[in-house]
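These notes are about the structure you will find just below.
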Amino acid sequence: MTGRCNVVFGFLYLVLTAALGPVMVNNLPEISEAQAGKQQHMSALQLAADNDFENAETLAPMTANEIARANSAALLALNTQLNAELPNTAIKAGPHAHGNLEALLNIVVGVVLMFLTVGVRFKQIISAVFILGTLLHSGVLYLVVVFNLAWAGTLLGTGIGPALILLGLLLAGVAAAIGWKEEAA
């Protein structure tokens, strides 16, 4: 049955991309430590600002050097936190989100193909375009973000994957316009 490949591929690919969730959880201790450090330095800076930059222990005005050191420590702690969160942010924004979406898109397209009366070759082309588009977009994103493969970044930069997804949507729309039927084949 045409479309079955997309449904099977979609579910298996959804498992693969959803499995990135536990990968992101592995970074949580590092992120928590960075957040605690940031909070400590930001709290000290906020306390100094609230006290008109008086030293909390001596009640003497803080010197410019002390203020600069407190400010620098807070900024560096903030930078450390952002750097700790960067791998998770890249995974969430790239292969995790796009992969899940494109997996579900393949499932939907597979089901829709069962309701079309267009030629088998046309259905096979639509099916192949969606699978290739998914692999060349979120699949390559997976290789870039998770495995840091530079060649995959070059391939991703060509835009072929998203173009294939758009082509697949156009072809599926045309096929639905000319060959929609009321029950599955």
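The values are calculated or read from the model by the stated rules, or taken from the named source; none is laboratory data. Quick caveat: nothing in here was measured; it's all calculated off a predicted structure. Note: ideal-geometry Cβ built from the backbone for every residue, glycine included; neighbour counts use all protein chains shown.
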Next on the checklist: residue 118 - would you say it is aliphatic (A, V, I, L, M), closer than 18 Å to residue 2 by Cβ and assigned to a loop (DSSP other than H, G, I, E, B)?
Outcome noted: yes
Checklist outcome for this item: Checked pairs for region 122-136, first over 15 Å from residue 112 (Cα atoms) and in contact (Cβ under 8 Å) with a residue 24 or more places away in the chain, second assigned to a helix (DSSP H, G or I) and small (Gly, Ala, Ser), C-beta under 7 Å and 6 or more apart or across chains, list as 133/161; 133/168; 136/161
Checklist entry - Listed residues 60, 74; which is farther than 30 Å from residue 96 by Cα, hydrophobic (A, V, I, L, M, F, W, C) and loosely packed, with under 14 Cβ neighbours inside 10 Å? => result 60
Item to check | Pick from region 147-166, criterion crowded, with 17+ Cβ neighbours inside 10 Å and touching a residue at least 24 places away in the same chain (Cβ under 8 Å), ranking: nearest to the chain's Cα centre (by Cα) | outcome: 161
Item to check | region 50-75, subset among the small types (Gly, Ala, Ser) and part of a helix (DSSP H, G or I), residue farthest from residue 40 (Cα to Cα) | outcome: 64
Checklist outcome for this item: The lone condition residue 116 fails out of (1) over 24 Å from the mean Cα position of the chain (by Cα); (2) at pLDDT 95 or above is (2)
Next on the checklist: I'd like to verify a number: residues in region 167-181 that are in contact (Cβ under 8 Å) with a residue 12 or more places away in the chain, within 17 Å of residue 114 (Cβ to Cβ) and either within 16 Å of the chain's Cα centre (by Cα) or surrounded by fewer than 18 Cβ atoms within 10 Å (Cβ to Cβ) (or both), how many?
Outcome noted: 5
